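Enquirer: If you scroll down you'll find the structure; I have some questions about it.
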Amino acid sequence: MAEPQQNKDISGKNFYRTVEVEKPEAEPAVGLFQPWYPLSEADFLRLQKSSSIFAGLGGAVSTFGVSFILPKIASNLSENGTPLQGQDLLIAAIALIVGIAFIVCSFTLSRERRGVRKKIRKHFQSNPAETAYLRRPPQ
Amino acid sequence: MSIETPSLYEPYKKLTLCSNLLVNVIVPFAIEERPVLLIGRGGLTPMVWLAAPTEPSLRIWRFIVDGNKVAHPAVEVQIKVSSRTVQVDIASQKALMVRANSIDEATVEHLDLRPVGLDIQGDENGMRLGGTTMSENHFENTHVAFALGGASKEVEK
């Protein structure tokens, strides 16, 4: 290990050869070593995609709700139609709510998106930023 | 010592490095025969190369600024033609500010290499490397001004 460097002031001198000094070390900036996550375009598209199963299910259920209630509303509005029953409204409301819930979930539950997020999380867990300098072997 | 430099690099005849004048010096700072900082002629503004360690053992250095081009996500390079300056920021810390005075001369007005792991700081009045301050010195006709690493020995006339 080197001897402690004495504080020196060098001023107004001429040098015609290379000055060799002990490498003065400092702690590098946080983030200098943390490597980028290599996001391929394929992974990027996976991140954007929603789960098609849930989207499909949600679509089917809400379609059912709408197609169930619309004729009943129509006949209710016409002159000698049957009045709207509370039960029907309930069924349609539940179907619509469930359908929309499925569609919303399709954005969060996509299996492929989860796969990519897991890869990204693993990358940064195994490549943390600031502790990189402290793990350096002693010299 | 002869160090390989990039093909686009044309050193200034006179480079004032934080008040120290370097005349016909090719490489201001080198580590283990590789350049750390190069300031060359680039038309209206200087053209900068700056290397940094790229992994925790600090053994492999690569250019994070490559001929004024950014080569690392933490680095920002600002080129201002109107003031003939190039400024390099690393992780939002100002690391280098250099101004072209003419085709053949440039001045480093601000230097802070701590973000790349070197305790070297300077401004227009002088420069500090670790515990040594250097101001208004004159380097001439050497390939490398400062070689960092190894035991401290200076050769001067």
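The values are calculated or read from the model by the stated rules, or taken from the named source; none is laboratory data. Keep in mind it's a predicted model, so treat the numbers as computed, not measured. Glycine also receives a Cβ, built like all others from the backbone with ideal geometry; neighbour counts cover every protein chain displayed. Ligands, DNA and RNA are stripped out before the accessible areas are found, and what is left, the full protein with its side chains, is counted by its heavy atoms. Shrake-Rupley method; radii C 1.70, N 1.55, O 1.52, S 1.80 Å.
Enquirer: Taking B:Glu124 as the residue in question, decide whether it is more than 7 Å from chain A (Cβ to nearest Cβ), in contact with a Ser or Thr (Cβ under 8 Å, 6 or more places away or on another chain) and of a type outside the set (S, T, N, Q).
Expert: Yes: the conditions hold for B:Glu124.
Enquirer: Hey, another quick one. For A:Gly58, only one of the following conditions fails: (1) within 30 Å of A:Asn127 (Cβ to Cβ); (2) open to solvent by less than 60 Å² (accessible area, probe 1.4 Å). What is its number?
Expert: A:Gly58 satisfies every listed condition except (1).
Enquirer: When you look at B:Val86, is it open to solvent by less than 10 Å² (accessible area, probe 1.4 Å) and away from chain A (no Cβ under 14 Å), yes or no?
Expert: Numbers: open to solvent by less than 10 Å² (accessible area, probe 1.4 Å): yes; away from chain A (no Cβ under 14 Å): yes.
Criteria met by B:Val86.
Enquirer: Would you be able to say whether some residue in the stretch B:67-80 is surrounded by 21 or more Cβ atoms within 10 Å (Cβ to Cβ) and closer than 16 Å to B:Pro28 by Cβ?
Expert: no
Enquirer: Run down A:Leu47, A:Leu32 and say which single residue is at pLDDT below 90, in contact with a Lys or Arg (Cβ under 7 Å, 6 or more places away or on another chain), of a type outside the set (D, E, K, R) and surrounded by 11 or more Cβ atoms within 10 Å (Cβ to Cβ).
Expert: Residue meeting the stated conditions: A:Leu47.
Enquirer: Condition first: part of a loop (DSSP other than H, G, I, E, B) and among the basic types (Lys, Arg). Can you find one or more residues in the stretch A:68-91 that meet it? Walk me through it before giving the result.
Expert: Of the stretch A:68-91, the ones part of a loop (DSSP other than H, G, I, E, B) are A:78-85.
From what's left, among the basic types (Lys, Arg): none.
Within the stretch A:68-91, not a single residue is part of a loop (DSSP other than H, G, I, E, B) and among the basic types (Lys, Arg).
Enquirer: Let me ask another. Looking only at residues that are touching a residue at least 60 places away in the same chain (Cβ under 8 Å) and assigned to a helix (DSSP H, G or I) in the stretch A:100-121, which one is most open to solvent (accessible area, probe 1.4 Å)?
Expert: It comes out as A:Arg111.
Enquirer: Same structure again: Here are B:Ala151, B:Ala106: which of them is under 17 Å from B:Leu22 (Cα atoms) and either at pLDDT below 95 or more than 9 Å from chain A (Cβ to nearest Cβ) (or both)?
Expert: Values: B:Ala151 fails: under 17 Å from B:Leu22 (Cα atoms).
Unique residue meeting the criteria: B:Ala106.
Enquirer: Next question. Which one is farthest from A:Tyr37 (Cα to Cα), of the residues in the stretch A:79-99 that are loosely packed, with under 15 Cβ neighbours inside 10 Å and within 36 Å of the chain's Cα centre (by Cα)?
Expert: Here is the first cut: in the stretch A:79-99, the residues loosely packed, with under 15 Cβ neighbours inside 10 Å are A:79-83, A:85-87, A:89-90, A:93-94, A:97.
Still in the running and within 36 Å of the chain's Cα centre (by Cα): A:93-94, A:97.
On the way: A:Ala93: 44, A:Ile94: 43, A:Ile97: 38 Å.
So the residue we want is A:Ala93.
Yes or no, residue by residue, for (1) more than 27 Å from B:Arg59 (Cβ to Cβ); (2) in contact with a Gly (Cβ under 8 Å, 6 or more places away or on another chain):
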site: B:Lys13; (1), (2): yes, no
site: B:Thr16; (1), (2): yes, no
site: B:Val25; (1), (2): no, no
site: B:Glu32; (1), (2): no, yes
site: B:Gly42; (1), (2): yes, yes
site: B:Pro46; (1), (2): yes, yes
